[in-house]
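Asks: Dumping the structure here so I can ask a few things about it.
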Amino acid sequence: MKSKFTVIAITFIALAVTGCFDTSQSRKDAKAVERQQGQYAHSQPVPAYDWSIERDLVIQLYNVRNLKAATHSVWRSDRGLIEGDCASIGFGIPYDTSLTNPLKSTYWGQGGVAVTEQAEPNGIFASKNTSATWVMCAGATGQIEPVYVETKVTVYPYPVTVDYENNRAVKAGTASVTLTSK
């Protein structure tokens, strides 16, 4: 009888330790947060809009990025000093952008599936891992000259005059592309 009691006690302790009888503070906190979120959903529901200016501007930005827009790119060192510039085409491409999904679907037992990324509307998988950028400089013959830049890049939709002595880029013309607010 004593050994049966010992087995039952050990089983109960094992279940408690593994979380089957979870009464931990984190679980209590999670339930409190869930109750509070339910209260917010009831008293302050998430609004629904007929139109979104941010969404409209992002759509316009995708459309502009798919043009051969004349731009000007300037890159700076980690200390903010201008290192280089060029007249450019487009808005720069993160170095590790991919044409194919860099992730792979993983299937677990019991029908579980891992979430994977989906392509951007322009058909590429944008980088989330680097600040390095391919700058598409416009060469003298009209050819695109890709320049790999590891420092921060600013791409202007208009020509700029770069003053290396004073570390300034100054607007020097009109924008080749613009967005509109409707």
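Asks: Once both labels are modelled 7 Å past Cα along the beta-carbon direction, what's the TYR164-TRP51 spacing in nm?
Replies: Inter-label distance under the simple model: 4.8 nm.
Asks: Within the chain, which complete DSSP H helices have Cα atoms spanning at least 20 Å along the helix axis and a mean Kyte-Doolittle hydropathy of 0.0 or higher? Let's see the in-between values first.
Replies: Working: long enough: 2-17 (22 Å, 1.67); 25-43 (27 Å, -1.83).
Those that pass (Cα extent of 20 Å or more, hydropathy at least 0.0) are 2-17.
Asks: Select from ARG27, ARG65, ARG168 the residue whose mean-square fluctuation is largest in a Gaussian network model of the chain (Cα-Cα springs shorter than 10 Å).
Replies: Among ARG27, ARG65, ARG168, the largest GNM mean-square fluctuation belongs to ARG27.
Asks: Moving to a separate point now. Okay, which of the stretch 102-140 sit inside 15 Å, backbone N to the point 7 Å along the Cα-Cβ direction of TYR95?
Replies: 127-136
Asks: Something else: In Å², and per residue, what accessible area does the chain have when probed at 1.4 Å with the other protein chains present?
Replies: It amounts to 77 Å² per residue over the chain.
Asks: Please give, to one decimal in nm, the separation of the simple spin-label points placed at ALA87 and ASN63, each 7 Å out from Cα toward the Cβ.
Replies: 2.7 nm
Asks: Something else: Using a Gaussian network for the chain with springs between C-alpha atoms less than 10 Å apart, which of these wobbles most: LYS28, LYS152, LYS104?
Replies: LYS28
Asks: Over the chain, consider all pairs of different Cα atoms and compute the Kirkwood hydrodynamic radius from their mean reciprocal separation; express it in Å, one decimal.
Replies: That comes to 22.3 Å for the chain.
Asks: Follow-up. Accessible area of the chain with a 1.4 Å probe: how many percent of it is carbon plus sulfur?
Replies: Percent of accessible area from carbon and sulfur atoms in the chain: 57.
The values are calculated or read from the model by the stated rules, or taken from the named source; none is laboratory data. As the structure is a computational prediction, the values presented were derived from the model and not from experiment. Note: ideal-geometry Cβ built from the backbone for every residue, glycine included; neighbour counts use all protein chains shown. To get the accessible areas, we keep the full protein, side chains included, count just its heavy atoms, and leave off ligands, DNA and RNA. Shrake-Rupley method; radii C 1.70, N 1.55, O 1.52, S 1.80 Å.
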